[in-house]
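Heads up: the structure comes next, in structure tokens.
Just so it is clear, none of the values below were taken in a lab; they were calculated from the coordinates. Small disclaimer: the values here were computed from a predicted structure and weren't measured. Cβ placement follows ideal geometry from the backbone for every residue including glycine, while neighbour counts extend to all protein chains displayed.
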């Protein structure tokens, strides 16, 4: 059997959030595009999800078109399949949808469908940096772990230059060769402040690197809060040259919980390290700025007066995130300071921030 169709898989990144959550508008755009591009519309079926998100599937005489939206991430995923080797109608429809949804970035893959379907396995893993307009590919010298936890995809590879590297949902978290740069950048503001470190919290940090660096300075109690115990188990087993025996230190308490929920209980920390993502769109149902403002307000309430906060922010090129976190930190804290550290495995300088409770 020869291939019987062409399928385009597309990701539209940073679209209009208002359009993405409007079922009627999505249906109108889809039907108009189908007709304008010369396809034959049979029917459209849509569903609005609670609290947000829309899926619209159009049956066309050529096959089908599907759009699923993630308004909280300003993201739309598209699937265009036509039972023909002719690609132009699909390309015209993609161009129409791009004009209507107005994404900042578009990623498209094209596949021939039928028998055989070629699946190519490569020795590379790609970290797509959607907020800064480029992607980084890492050679996989050895595939060590490829699994999915309850919360995310976890991959550990060995690379010739950077040693063992851990990726969560395709994003590089840490690499053995330069983990010390990241970890020292996170811990140094606590040390330089000269405050007591009798009671410290690490939000996130499941790879154990920041914890290991902090323990070098003999803190009193350290509470590490990471929702995904499988990340910690992965670090224990495969990333010993990053976490060493930090998780087994008697001063350490590990809590597998959502850090945002943990902070509801109002603790009294001398210092808090924020080692969580600045892009929580995959698990939140509100605007990112609202979510981040809320969690940093809780962090303030969990710090003693004069307590120190250390934050990993973003790439130096992620101007949007840097702008958001600058406003939030200055709203809730004093003595806000930013610094950059070049991390070779990230291929960019990373921005870190520190502040004190007002």
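Things worth noting here:
- GNM top mover of 152, 23, 88 - the chain, alpha-carbon springs below 10 Å: 88
- The helix-based estimate of mean residue ellipticity at 222 nm for the chain, built from -39,500 (n - 2.57) per DSSP H run of four or more residues and divided by its residue count, is -8000 deg cm²/dmol to the nearest 500.
- Using alpha-carbon coordinates, inclination of helix 288-301 to the longest axis of the chain, degrees: 10 degrees
- Segment residue 134-residue 83, length gained on full extension (0.36 nm per residue, minus Cα span): 15.1 nm
- The C-alpha atoms of the chain define a longest principal axis, and helix 23-36 lies at about 40 degrees to it.
- C-alpha long axis of helix 229-238 to longest principal axis of the chain, angle in °: 80 degrees
- Approximate spin-label separation residue 146-residue 105, in nm, with each point projected 7 Å along Cα-to-Cβ: 2.3 nm
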